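To start, the structure itself, in structure tokens.
The values are calculated or read from the model by the stated rules, or taken from the named source; none is laboratory data. Everything numeric in this text was worked out from a predicted model, so none of it was measured. For neighbour counting, all protein chains shown are included, and Cβ atoms are generated from backbone atoms with ideal geometry for every residue, glycine included.
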Amino acid sequence: MSKNLIFLFLLTFMLASAAQALDFRATISGAGVWNDGGTLKILPDREFQIQVYATNNDIIQPPPYEERVTWSTPFTFTGDVGIQWLDAISDGTFYGDDATMLKFSTSQFVGFWDLLKGVYSESRDGILPDRFNITGVANNLGYPPGLGEILVLFWRARVSATTGQICIEQGTMENDTYNWLMDPPVPSFSTVCWSVQINPLDRDNDGIPNTSDNCPDTYNPGQANADGDSYGDACDACPHDAQNDVDQDGICGDVDPCPLDPLNDVDHDGKCGNVDNCPTVANADQKDTDHDGLGDACDPDDDNDGVPDETDNCPLIANPDQHDSNGNGIGDACEYVCGDSDDDGLANILDVAFLIKYFYKGGPAPNHLAAADVNCSGSLNILDIAYLINHLYRNGPEPNCCG
């Protein structure tokens, strides 16, 4: 006799000898479930559990009562939405191609069936209807009455649809191969349905109303907010940057080398664009002769006299009139002889006297201050007088004007 026929004979015998006073209750729970005025509903894109509980009310004979020794109940999920079945956390023995994702939920319940325990999955592709069957046969043990309600099975699932419903009802298995596992079904099971719907007052179902939730569409009951902005860490693209990448360059401010420069120092001169006086031209020295906010490296009019540098006969000294007495292409404003403080065209003792009068007797300043800075120190002082005397009378070095 085949193994299947042996089990079929055994199961038929035991089913015939057992009463069918089992009560089932199906419910849902988890982060993907919300309570709409006492009615449980399923949230889209949140994990939830479908749980089946059983209560054994069998009274096979007068006390002492005996345990239920057989069990066979098919379940079918129906509805108008697709469902994603997730891994179950439990143990058991399985039949069918996809049965390994569906398991007995408690070790206590598994322990009742010492001869045969199994779950058969006929369809578990998420395209409803999907069908499952649970079967148990006891030799010495069995499911005793009087234990109250026991969690028998659970399925972890998720749906992406925003509307529709999912139902669980007594199944009708279609594959004849495993009919011996589920015929006859024990007991009947009423259909239970749950609607899929977004919670209008708490879309993420984290217990925080949308109006005060810092992540209204992301589950975060703790409301953690490290940077103190308007967004909780769970939905904040920059959880440690209160300005949330204010320059919109895709780099959060807490790690952005130039948090206010979307180009991040595009000229690579070490100056971020928001403080660089030539953001696209490298000029680490940031020299700005006319102090107009544009560095000389990118200023088209360095002396700010209204004449572009490319045509200015004194590009670094303001001379809007462009006067050029000798017509040599160098404007009078910037044409001088180094050491010629009195602007007579020669560097001589008269220039020494001119500087002494300027420094110590309130005399006029040189027309070209750069002409008087003969030691190229960047400032005019007694050292320039000493340098010029040394040149004129002691064969010292030539005047060296930097301007």
(message) Out of the residues in the stretch 133-160 meeting the condition of being in contact with a helix residue (DSSP H, G or I) (Cβ under 8 Å, 6 or more places away or on another chain) and surrounded by fewer than 19 Cβ atoms within 10 Å (Cβ to Cβ), tell me which one is farthest from THR172 (Cα to Cα).
(response) ILE150
(message) Quick test for you: out of PRO209, PRO259, pick the one residue that is more than 19 Å from ASP45 (Cβ to Cβ) and surrounded by 15 or more Cβ atoms within 10 Å (Cβ to Cβ).
(response) PRO259
(message) I'd like the full set of residues that are at pLDDT 90 or above and either surrounded by fewer than 18 Cβ atoms within 10 Å (Cβ to Cβ) or not assigned by TED's automatic domain parsing to the domain that holds ASP342 (or both), limited to the stretch 378-390.
(response) ASN381, ILE382, LEU383, ALA386, ILE389, ASN390
(request) Determine which single condition ILE168 fails, assuming it passes every other condition in (1) modelled with pLDDT of 85 or more; (2) touching a Phe, Trp or Tyr at 6+ places or on another chain (Cβ under 9 Å); (3) surrounded by fewer than 23 Cβ atoms within 10 Å (Cβ to Cβ). (result) (3)
(request) Taking only the stretch 195-252 into account, find how many residues are in contact (Cβ under 8 Å) with a residue 40 or more places away in the chain and of a type in the set (A, V, I, L, M). (result) 2
(request) Could you figure out which of (1) surrounded by fewer than 18 Cβ atoms within 10 Å (Cβ to Cβ); (2) aromatic (Phe, Trp, Tyr); (3) modelled with pLDDT of 90 or more isn't true of PHE48? (result) (1)
(request) Looking only at the stretch 272-291, count how many residues are at pLDDT 90 or above, crowded, with 18+ Cβ neighbours inside 10 Å and under 29 Å from the mean Cα position of the chain (by Cα). (result) 1
(message) Within the stretch 110-132, take every residue that is touching a residue at least 24 places away in the same chain (Cβ under 8 Å) and among the hydrophobic types (A, V, I, L, M, F, W, C) and give me the one that is nearest to GLN170 (Cα to Cα).
(response) PHE132
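Condition (residue is farther than 21 Å from ASP290 by Cβ and either of a type in the set (Ser, Thr, Tyr) or modelled with pLDDT of 90 or more (or both)) applied to the stretch 329-339: is it met by at least one residue?
Quick first cut of the stretch 329-339, residues farther than 21 Å from ASP290 by Cβ only: 329, 337-339.
Add one more test, that the residue is either of a type in the set (Ser, Thr, Tyr) or modelled with pLDDT of 90 or more (or both), and what stays is none.
Among the residues of the stretch 329-339, not one is farther than 21 Å from ASP290 by Cβ and either of a type in the set (Ser, Thr, Tyr) or modelled with pLDDT of 90 or more (or both), which makes the answer no.
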